[in-house]
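The values are calculated or read from the model by the stated rules, or taken from the named source; none is laboratory data. Computed from a predicted model, the values in this text were never measured in an experiment. Note that each Cβ is placed from the backbone with ideal geometry, even for glycine, and that neighbours are counted across all protein chains shown.
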Amino acid sequence: MDRIAPSGTFKLNTTALWTGQWITLSQRATDFGDAVSADSKITRRVNWGDGTAVTLGATAEAQTKQYTRAGRFTITETLTDEAKNVFTIAKAVTVTVPGTYKLSRTTVYQGVQFSVNVSNVPVGTKNIVVNWGDGTVTGHAGKNGAIGYYFLKNPKTGKRVSGNLPIKIAFQNTYGSSSYQLVGTMKVLSDTTKPVVKVNKPAKPSRASSWRTITGTVAETQSGVQNVYATVLWANSAGTTYCLTPDRKWKRYATDKQLMSYCADKGVKLAVSKGKWSLKVPAGAGNGYLLAWAWTWDWAENYGEATRQATITKK
């Protein structure tokens, strides 16, 4: 009568992994056996410790398993020979949810920047993947820090994004990718208004000196604006036309194409402080016709502009 139990061992590719990753149990023919029963007659039953189990095929040398929740699990393999003698092997595996993450804010207008702030990134993390919920998935270095983003248009449809969007994150290392975890839900508000730009009228608009500093305002009640852009057009009494370049120099132009190329494609970039902006204009403009042109886009790419013109008759 056979009363001797089979014997054996198995190997795991890791004993520490993240939720969503796969573990591999390896067991070759040389890793188990019995004094009487042939290997093909030994039943190998693996219990993964999470309520699931599998019987290995007679010639199987490996089996994979995905853990979908965190915890410490004992993987137990039971070897049973033809005489019902039993041998048990057990090894523990720890499954965790990697990293710590939080949204910098939970409500934004279209075009407004926010970030996923990531910390406690585990050693060995190669990449961090963020699914932004609008059809965009981005990859980033596996380190602590802020991952910036903004919502504007769906990358596939081109339509503006709004509503509640779930933002999810996953971590990748040698053993593959973790499952996505919810960072939070972002409420994206539609920006339906254009910025209102104004060019102030100087005290003495017929004097060239009054236009050496041009001031104005900009108002945007939803996504907001960061900068205003401006240029100045001046035509002297002979009809020769000039415009103010982005580096604040007068440039002679003769066609609309030149005007856009020299001055108006970019404009002078002006900071906005409490809804106000100002432009220092170099000397050079005298009698003739002057036009100040200011424009901006809000963060949602809505456009607003304003002009003010005057006939210059005095210095």
Total residues in the stretch 291-304, condition in a strand (DSSP E or B) and buried (at least 16 other Cβ atoms within 10 Å of the Cβ): 7
Selection count, the stretch 82-126, where residues are among the hydroxyl-bearing types (Ser, Thr, Tyr), assigned to a strand (DSSP E or B) and more than 30 Å from residue 8 (Cα to Cα): 6
Matching entry among 150, 101, 175 (being surrounded by 20 or more Cβ atoms within 10 Å (Cβ to Cβ) and not aliphatic (A, V, I, L, M)): 101
Lone unmet requirement of (1) over 30 Å from the mean Cα position of the chain (by Cα); (2) over 15 Å from residue 52 (Cβ atoms) for residue 77: (2)
Candidates 185, 231, filtered to the one that is farther than 23 Å from residue 114 by Cα, of a type in the set (Ser, Thr, Tyr), in contact (Cβ under 8 Å) with a residue 60 or more places away in the chain and not in a loop (DSSP other than H, G, I, E, B): 231
Test: residue in the stretch 11-25 that is assigned to a loop (DSSP other than H, G, I, E, B) and over 30 Å from residue 131 (Cα atoms): no
Tally, over the stretch 35-70, of residues that are surrounded by 14 or more Cβ atoms within 10 Å (Cβ to Cβ) and touching a helix residue (DSSP H, G or I) at 6+ places or on another chain (Cβ under 8 Å): 1
Residue within the stretch 151-160 that is on the phi > 0 side of the Ramachandran plot, out of contact with any Asp or Glu (no Cβ under 9 Å at 6 or more places or on another chain) and not assigned by TED's automatic domain parsing to the domain that holds residue 297 present: yes
Flag if residue 139 is at positive phi and surrounded by fewer than 20 Cβ atoms within 10 Å (Cβ to Cβ): no
Counted residues, the stretch 249-290 - those being out of contact with any Pro (no Cβ under 6 Å at 6 or more places or on another chain) and in a loop (DSSP other than H, G, I, E, B): 15
Residue among 95, 54, 46 that is under 30 Å from residue 142 (Cα atoms), under 46 Å from the mean Cα position of the chain (by Cα) and modelled with pLDDT of 95 or more: 95
Looking only at the stretch 127-136, and only at residues there that are surrounded by 14 or more Cβ atoms within 10 Å (Cβ to Cβ) and part of a loop (DSSP other than H, G, I, E, B), the one that is nearest to the chain's Cα centre (by Cα): 132
